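Here is the structure we will look at, set down as structure tokens.
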Amino acid sequence: MTEPRSSSNSRRNFLRTVAAGATLGPATLLRQPRTATAKSPPNLVRGEVHRTGGTLNDSGGLVENQREIPIAGHCDVLVCGGGPAGIGAALSAARAGAKVRLIEVAGCLGGVWTAGLLTKIIDGRNKNGIMREILTALAARGDQVAKQTKGEVYDPELCKLLLEEMCVEAGVQFQLHTRLVGTVTNAENRLVAVLTESKSGRQAWTADRFIDCSGDGDLAAQAGCHFDIGTGDECECQPMSLMVLLAGLNPDAVPEFIREGGAEAKPRLLKFMQDAGIHPSYNAPTLRHLHSGIFSLMTNHEYGVPATDAAAITKATVQARAEVHAIVRDLRQIGGPWKNLRVIATAEQIGVREGRRIRGRYTVTGEDIVLGKRHDDAVCRATFGYDVHNLWQDGSNPEEVHRFRAAGAKPYDIPLGALIAADVDGLMMAGRCISGDFIAHSSYRVTGNAVPMGEAAGLASALSIQENCLPQDLPWSRIKKQLLQTQQS
């Protein structure tokens with residue numbers, strides 16, 4: 001009689017089998033999965049994979065066997081993240097003559113604009129260059145609301161199409177459904193490659209310059225850059241919000257609640273909801289009419305969720321979706337113009353306001369905003385004030401928030417130095433992960449600033465290759481001249 005194996009050994013063997021990439025069940029008996037040889041990349045058409053081997057050790061970890069990762073491609077400039085900043089970076093670098101690859105985790109370009117269903121571009125109307133180009137196109141191709149708002153209130157589906165067309169026309173090579181999972185730096189602490197995971201398996205990509213437009217600073221963190229998160233010892237961050245699209249409401253029946261009719265629309269809508277016994281977690285619910293009786297609604301806050309914790313984000317997303325559906329159900333029960341209200345889509349990704357802030361060669365601070373600081377190497381001028389959504393569910397904020405609000409905000413410059421990583425060469429940042437403090441971040445994080453940041457980072461990366469120097473050694477006059485030429489053309 002065979003001696004039974006211990007449960008721990010059985011578990012170890014089972015996990016070793018799973019780690020090796022085997023498929024358990026009857027299909028295994030019929031056909032073994034097709035694998036690629038160690039020296040050749042997998043044939044994706046034939047469904048080949050590079051299988052993983054490893055050992056589950058007694059300390060509760062899995063030691064993965066060493067394996068060769070295929071180099072999927074090389075480019076001049078690799079942009080991580082296809083949101084507003086990434087679009088600006090990729091287009092700018094490509095138009096400057098660089099071979100550009102854009103890596104995006106979602107199934108579309110646009111980030112929070114599209115997968116996040118944001119529907120409003122803030123602090124973009126005073127910008128030139130690519131930001132103005134996008135707004136102009138959204139207004140020209142959009143419906144009446146888009147035209148009235150000069151593209152600031154837009155159709156997310158149209159935005160997806162527009163951004164894809166712009167990138168294709170510029171020659172940007174982009175890959176969707178692909179997540180950054182690692183980086184490689186050389187002996188001189190220069191970034192030389194990134195690793196991604198997708199349906200194509202693990203792949204390596206090399207480039208001469210890299211730009212982190214991931215929002216949460218994923219690329220820079222993987223590369224070993226120093227960063228800050230939130231404020232205080234607990235790294236408290238602003239809450240997340242899940243956007244929702246609605247139909248079944250006549251805009252002419254509820255004009256007093258539509259945000260573009262005036263700032264008083266928010267408190268009116270909140271009072272209307274509270275009088276009906278509806279208590280949203282966000283105390284400034286925002287209703288926007290996009291077109292054809294389709295609205296966007298922001299009425300949710302998820303507090304205390306780290307942007308780098310997938311389990312916590314999952315829980316927040318589930319809670320947020322349940323809340324917005326319940327709110328819409330309760331509004332529908334009010335009757336009248338609300339009787340046919342329906343959810344037609346919730347965002348693919350919950351809206352994250354705050355992640356890592358990567359240490360750069362300059363740090364934008366709250367004091368810069370109080371002073372309206374100017375810089376010779378300004379990549380854009382931000383005009384949006386402090387926008388710290390309440391950190392805690394009781395509606396309170398840290399004392400520093402109240403102090404800066406009392407001091408007031410002036411338009412200020414974001415310098416190129418805040419876009420250049422301090423700790424790793426060959427790496428720039430654009431968007432909300434640039435170098436700044438908690439207070440300043442609440443202002444520059446909006447997407448109207450992200451695009452010109454990306455535009456400057458893309459151009460600096462491309463020009464630094466042409467000049468055979470790193471971005472921090474490139475004369476600002478060279479970048480400024482090119483920016484002016486492209487923005488005036």
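The values are calculated or read from the model by the stated rules, or taken from the named source; none is laboratory data. None of the values given here were measured: they were computed from a predicted structure. Cβ atoms come from the backbone with ideal geometry, glycine included; neighbour counts cover every protein chain shown.
Below, the figures for the structure above:
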item: Qualifying residue in the range 51-63 (condition: closer than 25 Å to V192 by Cβ and surrounded by fewer than 23 Cβ atoms within 10 Å (Cβ to Cβ)); result: yes
item: Cβ-Cβ under 9 Å pairs, at least 6 apart or on other chains, the range 397-423 side small (G, A, S), far side surrounded by fewer than 16 Cβ atoms within 10 Å (Cβ to Cβ) and part of a helix (DSSP H, G or I); result: A407/E367
item: Answer residue from the range 195-220, given it is of a type in the set (G, A, S) and crowded, with 21+ Cβ neighbours inside 10 Å and is nearest to A421 (Cα to Cα) among those; result: A220
item: Any chance T447 is in contact (Cβ under 8 Å) with a residue 12 or more places away in the chain and within 27 Å of R353 (Cβ to Cβ); result: yes
item: Near pairs, Cβ below 6 angstrom, 6+ apart or cross-chain, from the range 450-462 (farther than 17 Å from N126 by Cβ) to any residue that is part of a helix (DSSP H, G or I) and small (G, A, S); result: A457/A89; G458/A89; G458/S92; G458/A93; L459/S92; S461/A93; A462/A93
item: Yes/no for I439 being aliphatic (A, V, I, L, M), modelled with pLDDT of 95 or more and in contact with a strand residue (DSSP E or B) (Cβ under 7 Å, 6 or more places away or on another chain); result: no
item: V181 being under 19 Å from P306 (Cα atoms) and assigned to a strand (DSSP E or B); result: yes
item: Residue satisfying condition, being of a type in the set (A, V, I, L, M) and part of a helix (DSSP H, G or I), within set L297, L270; result: L270
item: Test: residue in the range 412-434 that is more than 15 Å from G360 (Cα to Cα) and over 24 Å from the mean Cα position of the chain (by Cα); result: no
item: Boolean, I439 is among the β-branched types (V, I, T), assigned to a helix (DSSP H, G or I) and buried (at least 24 other Cβ atoms within 10 Å of the Cβ); result: yes
item: Residue that is farthest from the chain's Cα centre (by Cα) [pool: residues in the range 62-105 that are among the charged types (D, E, K, R) and part of a strand (DSSP E or B)]; result: E64
item: In the range 165-174, the residues that are in contact (Cβ under 8 Å) with a residue 40 or more places away in the chain and either of a type in the set (A, V, I, L, M, F, W, C) or crowded, with 18+ Cβ neighbours inside 10 Å (or both); result: M166, C167, A170, V172, F174
item: Tally of residues being buried (at least 17 other Cβ atoms within 10 Å of the Cβ) and of a type in the set (A, V, I, L, M) across the range 334-362; result: 6
item: Enumeration of residues in the range 106-134 that are within 19 Å of V168 (Cα to Cα), part of a loop (DSSP other than H, G, I, E, B) and β-branched (V, I, T); result: T114
item: Tally of residues being surrounded by fewer than 17 Cβ atoms within 10 Å (Cβ to Cβ) and aliphatic (A, V, I, L, M) across the range 462-489; result: 1
item: Residues being basic (K, R), under 29 Å from S435 (Cβ atoms) and not in a loop (DSSP other than H, G, I, E, B) - total across the range 323-357; result: 2
item: Residue match in the range 250-263 (condition: among the β-branched types (V, I, T), without any contact (Cβ under 8 Å) to a residue 40 or more places away in the chain and not assigned by TED's automatic domain parsing to the domain that holds S396); result: yes
item: Residue in the range 307-322 that is more than 30 Å from A220 (Cβ to Cβ) and not in a loop (DSSP other than H, G, I, E, B) present; result: yes
item: Checking H402 against (1) surrounded by fewer than 17 Cβ atoms within 10 Å (Cβ to Cβ); (2) over 27 Å from E104 (Cα atoms); (3) not assigned by TED's automatic domain parsing to the domain that holds M428, the condition it does not meet; result: (3)
